[in-house]
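Trainee: Take this structure, written in structure tokens, and hold onto it; I'll ask about it next.
Only the coordinates and a few stated rules stand behind these numbers; no lab work does. If you're wondering where the values come from, they're calculated on a predicted model, not measured in any experiment. Cβ coordinates were reconstructed from backbone atoms using ideal geometry, including for glycine residues, and neighbour counts include every protein chain displayed.
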Amino acid sequence: MRILVSFKVTPDFEALREADWAAAAADGVRTRYARRILNCFDESALELALRLSEALADQGGAADLSALSVGGRETEPYLKTLQALGYGRAARVEPEAALDFAPAVTAALIAGYVQQVDHSGLLLLGCRSGPGDSGTMPFRVAENLGWPCPTQVVEMAPLADERVRVACMVDDGLLRATVRLPCVLAVGNAVVSRLRVPTLTDRLAQRGKPIAVLSAADLGVDIAEELSRETCALTGLEAIERARPGVIVHGETPRAKAQALFAEHLKTRMEKL
Amino acid sequence: MRSAAILDGTLGTAARQAQALAGFLREGLSGDPVAETLIFYHDERDRVRLVGLAPTRAVRLVRTATRRPDRIVETLAALATNEQTELFLFAGGAAGTEMATRVACRAGGAVLTDALSIEVRPSLLVGRKNVYSNHLVGRFELSARPACVSIDAGWSDEGRPASLEHRVLSDTDATDGAGLAPFEDLELAAAPPTGDLAEGRFLVVAGYGAGSREHADRVAAAARRMGAVFGVTRPVAMNAWAPMDRLVGVSGVRTAPDLCIVVGASGAPAFSWGIEKAGFIVAINPDEQAPIVRNADVAVLDDGVTIIEELARIVSADREGP
Amino acid sequence: MHLSRAAIVEGLERIAGPENVITDETVLKESSIDNFRKLEHIFGVYTRPLPAAVVMAQSTAKVAEVLAFADEHRVNVIPRTGATATEGGLESVVADSIVLDGSAMDQILSIDTCNMQATAQCGVPLQALEDRAREQGLTTGHSPQSKPVAHMGGLVATRSIGQFSTLYGGIEDMVVGLEAVFPGGQVTRIKNVPRRAAGPDIRHVVIGNEGALCFITEVTVKLFPYFPENNTFLGWTLKDMNTGFEVLRAVMVSGYKPSVARVYDPGDAGLHFSHFAAEDDCVLLFMVEGPAGIVTATAEGIAAIVAGHPECKQVDSEYIATWFSDLCWGPEKITEEDERIRQTHNVNRTTEISAGWSCINDIYQAARARIVSEIPDITMAGGHSSHSYINGTNMYFNYFYNIVGCGPEEEVTKYYLPIIGIICEETLRRGGSIVHHHGIGKARTPWVKEEYGSSYCILETLKHAFDPNGIMNTGTIIPR
């Protein structure tokens, strides 16, 4: 089974200071100085793919794992780690322009890589990633490829004949389903959420193995042209007022305070519970 | 602008979808109203109930295969072409995100997911959603049609007005040509429980300032009386005033209640993190300097056990009615 | 005369009241370990003997009564406040110990802005004291990464040090006076004076005693003016760790006092700085704070020194500023790290030592090479220097390994202690100290005699003099 996981490396938004966010509404978000992290859903996907390939091996089958990221040099430490963990192919597509709010373009690049270069039949993607947090990427890629795409996948197990049994945390419960390859799996809040760690020996064994760097042109995608056809453009950013007011409730006696608290703040809220 | 709210009645979430859409239509949408609801259903016996849920007067019914979002997507994409529907509105959640995205891709439109609000004008459609991991709100302009918008999962209809008089405009059957289902051997189970602390919408937490095990028990009793889930801070658990499974914060549970009352806790970071996603926080603490007071919506500066017991009495009396 | 568990509990309840004596089994398990055996907490496997009870002390008088009781009946006492120890200092090694917890003594007693001193009971969280000082434009200057959760008593008992020590000093430079209770129940108070030569400095019997001699109930620490507006950050990448040590030495010898001066080796730098440093880069960084004139002169002086080493490439200081603002171990990070360990079985440990400039690089190179070649399943082995002096610096070894082929409760024996052994051996061989600021705890007691050499008798005599019945934190500092 050929399995491809596409992952995103983003700035760690939690590492930015309150002042940075307050300024962002006017000046744009300066994430250049924040450390980078792996998108949490992609991290689940990467570890789940490793476990899927182990399960296949237990069944007497075999898996061929590859990893892709649409991103610059900041993705290379992660690609190297994945090579050390057993991902046989590691590649990145140089974005050439900021694609954070252009998921249609990223989807075209991922689909292009699958169809023209990688030829995997199972594509795993995290269900959502920042900064856009649209949650649309897996479906966009699935539409490009014409493949089915179970969503909010939290478990996966291989079945015979190029099929996978998945568990999906959908809006009305936990849905188990069998899906036939080729397909996209959109990975959600899986319990498995951390990628295993390769030893120094594992890393040394993979040293020197190349990471393929492709351009959009290599995949037949004209980024400038695609961007000009953007249908949902970001036009501005607003700050979110986070601090809580800390309003003091007054009263002459504890009973009076409790009564004021209830009447002024809690009665309506409790009715809505 | 021709527009429709979409209800997938083949899922168990139909009522939730309808309530969310109703709330959004009233408070989240400005400009041209959405005139009709398209209800997809499978079982004949559901028709009346589903029509009754619709958030608009005008309703169109479409019969389809159960649990086949791909069929809904095909139907809507065809509507966009044949009837020039320019805006589809979906409830939030996994299904809404999927359908909004796929319809937009299929029909050459634009998609905005988890919308906090949208503004609909004859030739302009803008929406707002959370971005950067909820650190900012982004404003977006949707320039292609149909615009497919799924609403933020937090929408619900509070204080629903008297039910509308619905008018069913059409009832079509789209079950033919359903084609091969993309998935086989479907089994739906209830989602595994995550525990009362994680799921509770009303939480009362006792901190070390409660003073003793008896006091912690009194706070727990007051919580029960008000129908709240009871939690504690780490010092309370480590003093064995309450079991460890009541722990909120680091090494315990991270909660997200709509309403959280904190009794006698100073609000150290290890605990605050466990409640910071709460909708509304009430702090009861005699010390005005305690960090919890700054991090609360409302604070009462008094002994926590006394106040929470008074409050429980008032709440009970209010519920029992005059 | 050996008291049963029940008799111990009964005695404690008479002294402290039943509401202050905890015998809940879950609490006792959690109280049998500290971060040294954190995997036992993370995986729920407890192997240490259970204490008889945790007793919450509400006052100095109660601490004295409990210690007198324990001394009379020869029951081991484990003193504790914030419970953030990392070297086993809080582990129980004998059955039926008493865990004496001072975290309920959490009052800030005074902020004295004339004498620039703050007095706090032992259970005051450092963060709380720091927040109170900041309200008046002051700072304690003490900022270990455990600041959000550590308490004043433990911070003094372990001779802790903070991120800004190069400017403000370690806890030993900050403590003015204190109150401590000794095993017989004697309450001793050392008064607050700026300096005196009235015999040996007895504060140093208490500071760093790790609960092996006494229980600290109150501390007074210095306060400093807080000048965040002048904070300046500087950073460089370079290839050779030794050059990094040379630069740090030059900065210290020249007399500059940045608040932070660090050099990271490539492995450790990779954890923090991969967004601007290459895979084989070391990272050299400084933070300078204080009055404007001093900050400018210090920053210029440091830059001039680094300029004399052209292989150092300057980085945009915003990288360092952003990294620094996110450094402390708040609740989110602790929980995430626990979950990461639970899922991946990959554990991060640290061991920090100190040595003179002439041998620090040799120690770093030798220890690192041995760890990588002798210990299995290593996923990262590196470190950084973070506390420098005119006559040397520390080396904070930072390493990760996968736990393979053994249960989590065996991790300490299979991996952690052997690595500690390598680092201690290579350090002692070259005349360095086996521990810079984490304390000996129980983990490093196998090397404590070699650490002291002929001066060990001074340490031993202190122990025999102050704790003749051997009830204070048995197994800590002095091997059993």
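Trainee: I'd like the antiparallel share, as a percent to the nearest 5, of DSSP beta bridges with both residues in chain B.
Mentor: Roughly 20 percent of the DSSP beta bridges within chain B come out antiparallel.
Trainee: Only residues of region C:171-209 count here: report those whose backbone N is under 20 Å from the spot 7 Å along Cα→Cβ of residue C:110, or say none.
Mentor: Those under the cut-off are C:174-181, C:188-196, C:203.
Trainee: Label-point separation (nm) for residue A:189 and residue C:390, each offset 7 Å from Cα along Cα-to-Cβ?
Mentor: My value for the distance between the label points is 5.8 nm.
Trainee: Which of the lysines could be linked to residue C:239 by a straight reach, that is with a Cα gap under 26 Å, when you skip same-chain ones fewer than 8 residues away?
Mentor: Here the lysines satisfying the reach criterion relative to residue C:239 are A:80, A:209, C:257, C:313.
Trainee: Continuing with this model, one more query. Give the calculated FRET efficiency between residue A:273 and residue A:213 to the nearest 0.05, with a Förster radius of 51 Å applied to their Cβ-Cβ distance.
Mentor: Calculated value: 0.40.
Trainee: While we're looking at this one, here's another question. Based on DSSP H runs of at least 4 residues, each adding -39500 (n - 2.57), what is the mean residue ellipticity at 222 nm of chain B after dividing by all its residues, to the nearest 500 deg cm²/dmol?
Mentor: That calculation yields -9000 deg cm²/dmol at 222 nm.
Trainee: Take every residue in peptide A:8-19, count the Cβ atoms of other chains within 10 Å of its Cβ, and give the average of those counts.
Mentor: 3
Trainee: Given C:255, C:4, C:233, which one lies farthest toward the positive end of the charge dipole of the protein assembly as shown, if we put +1 on the Cβ of every Lys and Arg and -1 on the Cβ of every Asp and Glu?
Mentor: C:4
Trainee: If you don't mind, another one. Sticking to Cα atoms, compute the Rg of chain A to one decimal and its Dmax as the biggest Cα-Cα distance, whole number, in Å.
Mentor: That works out to 22.8, 77 Å for Rg and Dmax.
Trainee: Any idea what diffusion coefficient the protein assembly as shown gets from Stokes-Einstein, in µm²/s, Kirkwood Rh on alpha carbon pairs, 4 °C, 1.567 mPa s?
Mentor: 40
Trainee: May I pose another question? Which value, in debye to the nearest 20, describes the size of the charge dipole of chain C about its Cα centre when Lys and Arg Cβ atoms bear +1, Asp and Glu Cβ atoms bear -1, and nothing else is charged?
Mentor: 1100
Trainee: When chain A is modelled as a GNM with alpha-carbon springs shorter than 10 Å, which of A:125, A:227, A:46 fluctuates the most?
Mentor: In this elastic network of chain A, the residue with the biggest mean-square fluctuation among A:125, A:227, A:46 is A:227.
Trainee: Among all the lysines, which ones have a C-alpha under 28 Å from residue A:267's C-alpha, if same-chain residues fewer than 8 places away are not counted?
Mentor: Here the lysines satisfying the reach criterion relative to residue A:267 are A:257, B:277.
Trainee: On to the next question. Looking only at B:145, B:128, B:225, which one moves most when chain B is put into a Gaussian network model with springs between Cα atoms under 10 Å?
Mentor: Residue with maximal mean-square fluctuation among B:145, B:128, B:225: B:225.
Trainee: Now for a separate question. With label points built 7 Å along Cα→Cβ from the Cα atoms of residue C:14 and residue C:231, find their separation and express it in nm.
Mentor: 5.4
Trainee: Counting Lys +1, Arg +1, Asp -1, Glu -1, what net charge surrounds residue C:109 among other residues with beta carbon under 12 Å of its beta carbon?
Mentor: Neighbourhood net charge equals -3.
Trainee: Also: Among DSSP bridges having both ends in the protein assembly as shown, what percentage is antiparallel? Round to the nearest 5.
Mentor: 55
Trainee: Let me ask something else. Which FRET efficiency value, to the nearest 0.05, is calculated for residue A:54 and residue C:404 with the Förster distance at 22 angstrom and r the Cβ-Cβ distance?
Mentor: The computed FRET efficiency comes out at 0.90.
Trainee: With point charges of +1 on the Cβ of Lys and Arg and -1 on the Cβ of Asp and Glu, referenced to the Cα centre of chain B, which listed residue (B:164, B:79, B:183) lies farthest in the positive direction of the dipole?
Mentor: The listed residue farthest towards the positive side: B:79.
Trainee: Within straight cross-link reach of residue C:414, meaning Cα distance under 25 Å, which lysines are found once same-chain residues fewer than 8 apart are removed?
Mentor: Within the straight-line cut-off, residue C:414 pairs with C:29, C:38, C:442, C:449.
Trainee: I'd like the distance between the alpha-carbon centres of region C:212-237 and region C:47-125, rounded to an integer number of Å.
Mentor: Each part's Cα centre sits 23 Å from the other's.
Trainee: For chain A, list the DSSP H helices whose alpha carbon atoms reach 24 Å or more along the long axis and whose average Kyte-Doolittle value is -0.5 or above?
Mentor: The qualifying helices are A:40-58.
Trainee: Taking the highest mean first, how do the peptides B:97-105, C:280-288 order by number of other beta carbon atoms within 10 angstrom per residue?
Mentor: Most protected by this proxy first, the peptides run B:97-105, C:280-288.
Trainee: Less than 18 Å from a label point 7 Å out along the Cα-to-Cβ axis of residue B:244: which backbone N atoms in region C:1-35 qualify, by residue?
Mentor: Answer for region C:1-35: C:22-35.
Trainee: So if I take the centroid of the Cα atoms in region B:45-76 and the same for region C:283-361, what is the distance between those two points in Å?
Mentor: Value for the Cα centre distance between the two parts: 59 Å.
Trainee: Classify region C:118-211: rounded, prolate or oblate, from the alpha-carbon gyration tensor (a ≥ b ≥ c, eigenvalue square roots; a/c under 1.5 rounded; otherwise prolate if a/b is larger than b/c)?
Mentor: prolate
Trainee: Sort chain B into rounded, prolate or oblate with this rule: let a ≥ b ≥ c be the square roots of the eigenvalues of the Cα gyration tensor; rounded if a/c is under 1.5, and if a/c is not under 1.5, prolate when a/b is larger than b/c, oblate otherwise.
Mentor: Prolate shape, in that a/c is at least 1.5 and a/b is the bigger ratio.
Trainee: Quick one: C:36, C:43, C:215, fewest Cβ neighbours within 10 Å first, how do they rank?
Mentor: Ranked by crowding around the Cβ, least crowded first: C:43, C:36, C:215.
Trainee: Oh, and also: Using a Förster distance of 30 angstrom, determine the FRET efficiency expected from the C-beta separation of residue B:288 and residue C:325, and round it to 0.05.
Mentor: About 0.60, to the nearest 0.05.
Trainee: Kindly express, to the nearest 10 degrees and within the range 0 to 90, the angle between helix C:456-466's C-alpha long axis and the longest C-alpha principal axis of chain C.
Mentor: Roughly 40 degrees, rounded to the nearest 10.
Trainee: Against the globular-protein guess of 2.2 N^0.38 Å, express the Cα radius of gyration of region B:179-230 as a ratio, rounded to two decimals.
Mentor: 2.04
Trainee: If you count, for every residue in B:274-280, the Cβ atoms of partner chains within 10 Å of its Cβ, what is the mean?
Mentor: 2
Trainee: In deg cm²/dmol and to the nearest 500, what is the mean residue ellipticity at 222 nm of chain A if only DSSP H runs of at least 4 residues count, each as -39500 (n - 2.57), divided by the residue total?
Mentor: It comes out at -9000 deg cm²/dmol, rounded to the nearest 500.
Trainee: Report the charge-dipole magnitude of the protein assembly as shown in Debye, nearest 20, computed about the Cα centre from +1 at each Lys and Arg Cβ and -1 at each Asp and Glu Cβ.
Mentor: The calculated dipole for the protein assembly as shown is roughly 540 debye.
Trainee: Gaussian network model of chain B, Cα springs within a sub-10 Å range: biggest mean-square fluctuation belongs to which of B:89, B:79, B:136?
Mentor: Looking only at B:89, B:79, B:136, the biggest GNM fluctuation is shown by B:136.
Trainee: What share of the DSSP beta bridges in region A:44-188 is antiparallel, in percent to the nearest 5?
Mentor: 55
Trainee: Also: Starting from the Cα of residue C:469, step 7 Å toward the Cβ, then list every residue of region C:3-44 with an amide N under 12 Å from that point.
Mentor: Within reach of a label on residue C:469, which here means backbone N under 12 Å from a point 7 Å along Cα→Cβ, region C:3-44 contributes C:3.
Trainee: Determine the dipole magnitude for region B:196-320: charges of +1 sit on the beta-carbon of Lys and Arg, -1 on that of Asp and Glu, nothing else is charged, the reference point is the Cα centre, and the result goes in debye to the nearest 20.
Mentor: Computed about the Cα centre, the dipole is about 320 debye.
Trainee: Continuing with the same structure: Please report, in whole Å, how far the alpha carbons of region B:196-320 spread along each principal axis, starting with the longest.
Mentor: Cα extents, longest axis first: 38, 30, 28 Å.
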